[in-house]
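The values are calculated or read from the model by the stated rules, or taken from the named source; none is laboratory data. In this text the structure is predicted, and so the values were computed from the model without any measurement. Here the Cβ is made from the backbone with ideal geometry for all residues, glycine too, and neighbour counts use every protein chain on show. Accessible surface is based on the protein model in full, side chains and every heavy atom, while ligands, DNA and RNA are left aside. Shrake-Rupley method; radii C 1.70, N 1.55, O 1.52, S 1.80 Å.
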Amino acid sequence: MAPQPQLQLQLRPAKASDLADMVASIFSSFATNAIHTRLFPASLAASQDFWHAFAADAIDDPRAHCIVAEDPTAASPSAFVGFALWRPPAILHDTKEEREDDPPFDWTAWPVDPDLAMAFFGALADRHAALMGARPHWYLEFACVTPALQRRGAGAALVRWGVDRADADGVEAYLDATPDGKQLYERFGFCAVEVVEFMGGEYRQCFMPRPKMETKTKTERGAVM
């Protein structure tokens, strides 16, 4: 199959009207992901509620950067292509009072395999803390691109948005990823230093820091905030 042409992308902050597209993109992007299909079946109301709340919080959080990629030339009703949630260094080490105001999700009552949910999301938090410690860094918490529009530049643009800011700040970056996404992230200097298996080895998650790189100016990295 011949490669599809690159999209005519624009990046902008997410807004409330993107919410439905964001949730739909999450379910379609992870439709073949073993962890997602086990823990978040699309037919389960709790799954829909969880990702709706996640996307709404990402949009509303004034401390984070939820960035949408869109193709303004798209013929479909929506120009939405995908989104990423980047967290800057300043909010990764909140005060004790701020952490208490925003406690972690309680997976013990999750209706589908709560033990797996606790193990998986606990590992994400534990490995992040162990690998990055108190060092300032930009954190790519989440990213997805609508499957029909993948491999046409949107994923790379959303990753580049954050790593350019990490470079401008002179700090590291960090993410965790499935093996399917590993190759894209390696192009931007991320390195899988640990891999953890779940579900008896059926699923693996890569933990990928990125070292400091040379600084870019604000003009070089663009103006989307």
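Could you put D167, D176 in order of accessible surface area, largest first, with the 1.4 Å probe and the full protein assembly present?
Highest to lowest solvent-accessible surface, that is D176, D167.
How long are the semi-axes of the equivalent ellipsoid of the chain, defined as square roots of 5 times the Cα gyration tensor eigenvalues? Whole Å, largest first.
25, 23, 18
Just how much of S78 is accessible, in Å², when a 1.4 Å probe is used and the result is rounded to the nearest 10?
40
Through the Karplus equation 6.51 cos²θ - 1.76 cosθ + 1.60, θ set to phi - 60°, convert the phi angles of region 182-194 into ³J(HN,Hα) values in whole Hz; use x for Gly and Pro.
4, 5, 4, 5, 4, 4, 9, x, 6, 10, 6, 8, 9
Where is the GNM fluctuation largest for the chain (alpha-carbon springs, 10 angstrom cutoff): P88, P179, P136?
In this elastic network of the chain, the residue with the biggest mean-square fluctuation among P88, P179, P136 is P179.
Please give the direction-averaged projected area of the C-alpha convex hull for region 100-187, in square nanometres with one decimal.
So the Cα hull casts an average projection of 7.9 nm².
Among V196, V159, V145, which one shows the biggest mean-square fluctuation in a GNM of the chain, springs joining Cα atoms closer than 10 Å?
Highest fluctuation of the listed residues: V196.
Tell me, what is the percent relative contact order of the chain, built from C-alpha pairs under 8 Å that lie six or more residues apart?
21
Could you please report the charge total around L184, scoring K, R as +1 and D, E as -1 over all other residues with beta-carbon less than 12 angstrom from its beta-carbon?
Working: positive: R151, R160, K182, R187; negative: D180, E186.
My count for the surroundings of L184 gives +2.
Net charge within 10 Å of V81 by Cβ-Cβ distance, Lys/Arg positive one each and Asp/Glu negative one each, not counting V81 itself?
Working: positive: R152; negative: D21, E70, D71.
Taking every Cβ under 10 Å from that of V81, the sum is -2.
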